[in-house]
Structure formats: structure tokens, C-alpha cells
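A short worksheet on the structure shown next.
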Amino acid sequence: MDPRLVTDRRSKRFLPKKRLRKLLRNNIDGITRPSIRRLARRGGVIRISADVYPEVRKTVKNRLTEIIRQIILVMESSTTPGHERKVRFIEHSKFSNCPSMD
């Protein structure tokens, strides 16, 4: 018997179970405290205040939003057909905030 099916008591037939929907949650909380601590350690920070974690999450979200917005602008302004478009990532510490036009 298939575990994805459930029986109907009255007619003795099998009915499919209802699918569970994925619960929407705030994905920015996926940036955990230990991951923020690791990034801070790499940057040379020794001690971190508890108030810093939400602020770092906001900053990361704002930065990623800006990067994704720039990528979308470049991809939509391109004359290349959609199936041939490729995204190239650049290291932002070496270059300015302008997207690469290679």
C-alpha cells in the first residue's frame, strides 16, 4: 500500500493525501549567529555585541538586494537572447560597484 494514500472510511477507497505547503519564513534569519561570528573573525573582530547581529542581517540583505538589482538591470538591457545569457561574478573588493560589462 502506498503511504501517500489515505483511505476513505465510507467508500473503502484510497484518496491521495493533501500536500503540505512550504511555510514562508524570513530567510534572512538563515544567516545564523555563528556565521556572522565567522565573518567577523575573518575581518579581525575579537568580541561582538548582541545588538550587532540584527544590524548585520539588515546590511547583508540591503547589499544583496542592490547586487541582484544591478544583475537584473544588466541582464534585461542586454541584446543577447535569454537562453544564451550567462552571469559572471566579480570580486567587489577589487572593482568598483559598477557591474562588469565583459
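Just so you know, all these numbers are worked out from the coordinates, no wet-lab data involved. Since this is a predicted model, take the numbers as computed values, not measurements. Glycine gets a Cβ as well: all are built from the backbone with ideal geometry, and neighbour counts include every protein chain shown.
In what sequence do ARG57, ARG47, ARG63 fall when counting other Cβ within 10 Å, fewest first?
Details: ARG57 18, ARG47 6, ARG63 11.
The order, fewest Cβ neighbours first, is ARG47, ARG63, ARG57.
If R0 is taken as 35 Å, the Cβ-Cβ distance between ARG25 and SER77 corresponds to a FRET efficiency of 0.55. With both labels modelled 7 Å from their Cα along Cα-to-Cβ, the SER49 to ASN62 distance reads 1.7 nm.
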